[in-house]
Amino acid sequence: MKSIKIEDGLYLCELPVTPASADPPKRLPTHHVIVSDVSGSMSSDLPKMRKHLCDKLPKLLGKDDTCSLLYFSGRGEFGVIFENVGAENAKDLQDIRKMIDRWLVPIGLTGFKEPLIEVEALCKRASKKNPALQHSLFFMSDGCDNQWDKAQILAAVERAAGVVAASTFVEYGYYADRALLSAMADRAGGKLVFAEQFDAYEPILAAEVSGAVEGKRVEIAIPGDLIGGVAFAGVDGEIATFAPKDGKILVPENAKFVYFMAPEGTGEKEPVLIPAEMHSAMYAGLSVFSVRMQSKIVRGLLRRLGDVHFIDEFSVCFGKQKTTQFMQEAKDAAFVTASRYTVGLSMDHMPAKDAFTVLELLSLLQSDERHRVLLDHPSFSYSRISRARVDADEVIDEEAQKELDRLAAEVAKAKTKDKVKIAKEKLNEFLGKFGQGGVKFTADAAPNGYPVDGLVWNEDRPNVSFQVTKTGHVDLSGRIPETLKGKIPETFPTKIVRNYAIVRDGLINIGVLPVLLTKDAFDTLNARCGSAGYVGSSTAALREAAREDGLVEAVLDLRRMPVLNQDDVLEPSAEALFRLQRELQLARCKQKVMNHYRNIHAPRMSKSFVDTYGKEGEEFLKSVGVKDYGFSPAHTIQAESKDFYMGKELGVTLKGWMTLPKVEDAKAGKKTDPASTAMKHWITGVEAAVAAAAKGVDVTAEIETEQKDAVAKCRALLSRIARMKFSMTVGQVWFKEFLTLDENSMKLSFDGAAPVDCKVEMKDIQIPI
């Protein structure tokens, strides 16, 4: 065994793999077992996968090879589509194509355990028919197992690993459960491969099915303790990982060496210069440990390598997209020497802490009213982050409208899953009678784009959107009552506010963003990040076009731009967050009180619509979703969830502050919690002003001013809190006052009052899609 010192207490160790026989490993007849996720989130890609399997499978299988195809979705929703079909049989596609088209369709949720258990049984059946067959597992999923616990899944993986000679686990897209899939690969001694979408997945599947097992697996004892929990080896151009069991691992005999990290170097120790094979292993280690959140190992390897490009890339490795990019590039460098030291070598290189980020870009776009986002540009595409809504804005008679309202209320009141399903079916059946004829907004063409009105932050999840206002019209032809015809135009001009999530659960949601910038802003952007390849094409060239108005059109490649930099993830303070949250709750108390009294004494009225179209006209326009401030569909119902993925949520609770009472209850003094007391303070002040109004003093303007002030303060505080939480969930840091995630509470006194129990909790949540 050889070893090389990375730093004190961290050594990279190398063990040779001794083949099972003196003969070189040879191609063995292989049974390829493909296990495909068909949960609801796979809906858009399954048609392409079906076509690919039907068209290519017979051509990919080797002469002596066979193939089985399994599908899985939720609990009990799995099965074998075809089993142990040979190359000759696969040429007769008629029956196989029917089976693929019948069963490789989206069903529901996601459960890994049952299909993995079936793999074991299926392989044993195939071995009875042909004992010479070696089995290769190809498992793909784009989501998170929401049916079984991790221990059950890994136990099923270990059982399958006992009968397969090779395995590949494909992490399909950014919402797949990387932590679980990598653990599955470790337990099986297999490869974890990432495919962002079908174009990347197709060649991976083709390579696996057209390949074959070469040689058998050999047992290797791992001496001492492993740092990072896994050993790894290069196998057929990919990196396989192995979680030791009882100090031993099973390694394909065509792997020359297996590597692992240890606290001490043993056996033959290499000199300061890194030998070629260990060089490759160090880059492989970067790939393996970067996705397993072992940053200490990664930084040690980077310091020892001195590769400037990878040092800089890891310094902005926040969020799954940047981590994936780093993993892929490091894997390439493990096998291709030309991918190393592309920017140079320096043993003293220190990465910049203030790399230009997506969040800085949003601030830049807001810094000048001339800046625009070009949403009609051919390069722009957008993926909505919420479930679609069913438009129920069809004009129907009064009785039908009452039935619609009743069915919608029935859905809202349903308590159990079955009752919710039945209620939604009734509602959807009712809506189906009226088609999709709701009032639709048509936006005006906007070749010069839209200014960014503001940013919208999610309070608990790492989501941030930019907001724009679009002008356009709605078609009211055939809807206007007889009494209003000629008074209200059939093509009614209006506007609509739209939010575009630029970051969704820590992931870049808009890959390419075309913008218009002033020349100064463009030069700033180019100076900060043009050479890093964040802007324009992957060649790092800034795609630009100067215009007659002096603005510059730039196409920004956000997929290469980090969400955060090191300065953004400096150690945060829990006390600072709790105090900000308390300020926010105070502002919310004021806002709730002011909203209540404004609605009584200064209610919002569509005065311009009333003046122009009369009260009847204003009420009609409101009924179809048109208000004087813009268009908002009057009746929408969220589409039913097909699946869900897991996301992070960082929630804060301050005892007695988080639930605000009704204004009437606070006024009556029914509760004495801090929130009720704060609201009572504002109620007393407004009531005194209202009493003065009875004596001829106009308090309407004062109430409106105080209400707007409370709204503005809430928004400002929410933005500060959301930014702090965003940096924590994406940057994966914890508070300086706490040592672990389990340590998350303290008592704080506000304004000299009794101490309040304060708690912050990071948790995984299910996000319906």
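The table that follows gives values for the structure above.
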| item | result |
| --- | --- |
| Quarter of the Cα convex hull surface for region 1-88, i.e. its orientation-mean projected area (nm²) | 11.3 |
| Cα-based Rg and Dmax for region 194-256, where Dmax is the largest Cα-Cα distance (Å) | 14.4, 42 |
| Exposure ranking of Leu137, Leu250 by accessible area [1.4 Å probe, largest first] | Leu250, Leu137 |
| Alpha carbon convex hull of region 260-359, volume per residue in cubic angstrom | 110 |
| Share antiparallel - DSSP beta bridges, the chain, percent rounded to 5 | 75 |
| Charge dipole (debye, nearest 20) of the chain; +1 at Cβ of Lys and Arg, -1 at Cβ of Asp and Glu | 1180 |
| Approximate spin-label separation Lys736-His349, in nm, with each point projected 7 Å along Cα-to-Cβ | 3.0 |
| Phe310 - accessible surface, heavy atoms, 1.4 Å probe, Å² rounded to 10 | 0 |
| Inter-label distance for Lys26 and Ser749, nm, one decimal - labels placed 7 Å from Cα along Cα-to-Cβ | 8.4 |
| Probe 1.4 Å, accessible area per residue of region 439-517, Å² | 41 |
| Value at 222 nm in deg cm²/dmol, rounded to 500, when DSSP H runs of n ≥ 4 in the chain each add -39,500 (n - 2.57) | -12000 deg cm²/dmol |
| Sequence of His279, His473 from largest to smallest accessible area, 1.4 Å probe | His473, His279 |
| Descending principal axes extents, region 135-254, alpha-carbon based, whole Å | 40, 33, 25 |
| Rounded to the nearest 10 Å², the accessible area of Cys54 at probe 1.4 Å | 0 |
| Set of aspartates and glutamates with alpha-carbon distance to Lys667 below 14 Å, sequence-local pairs under 8 removed | Glu687 |
| Relative counts (whole %) of C-alpha pair distances in the chain, using bins that are 20 Å wide | 13, 39, 35, 12, 1, 0 |
| Sequence-distant lysines (8 or more away, or on other chains) whose Cα lies within less than 20 Å of Lys56 | Lys48, Lys91, Lys98 |
| Estimated inter-spin distance, Lys615 and Thr337, nm [label 7 Å along Cα→Cβ] | 8.8 |
| Charge dipole of the chain about the Cα centre (unit charges at C-beta), most positive-ward option of Ser363, Ser745, Val733 | Ser745 |
| Semi-axis lengths (Å, descending) of the ellipsoid that matches the C-alpha gyration tensor of region 255-317 | 21, 14, 11 |
| Positive-end residue of Val711, Gly550, Gly9, charge dipole of the chain with Cβ unit charges | Val711 |
| Candidate residues Asp673, Asp568: accessible-area rank, largest first, probe 1.4 Å | Asp568, Asp673 |
| Accessible surface of Lys248 - all protein chains present, 1.4 Å probe, nearest 10 Å² | 90 |
| Sequence-distant lysines (8 or more away, or on other chains) whose Cα lies within less than 18 Å of Lys627 | Lys440, Lys470, Lys487, Lys495, Lys607, Lys615 |
| For region 103-146, Kirkwood radius (reciprocal of mean inverse C-alpha pair distance, Å) | 12.4 |
| Prolate/oblate/rounded call for region 701-769, Cα gyration tensor, a/c under 1.5 rounded | oblate |
| Which listed pairs, of Lys670/Lys759; Lys648/Lys759; Lys590/Lys671; Lys622/Lys708, have C-alpha distances above 19 Å, in listed order | Lys670/Lys759; Lys622/Lys708 |
| Percent accessible area from carbon and sulfur atoms, the chain, protein chains only, probe 1.4 Å | 51 |
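The values are calculated or read from the model by the stated rules, or taken from the named source; none is laboratory data. All values derive from a computational prediction rather than experimental measurement. Glycine also receives a Cβ, built like all others from the backbone with ideal geometry; neighbour counts cover every protein chain displayed. Just the protein is used for accessible areas: all its heavy atoms, side chains included, with ligands, DNA and RNA removed. Shrake-Rupley method; radii C 1.70, N 1.55, O 1.52, S 1.80 Å.
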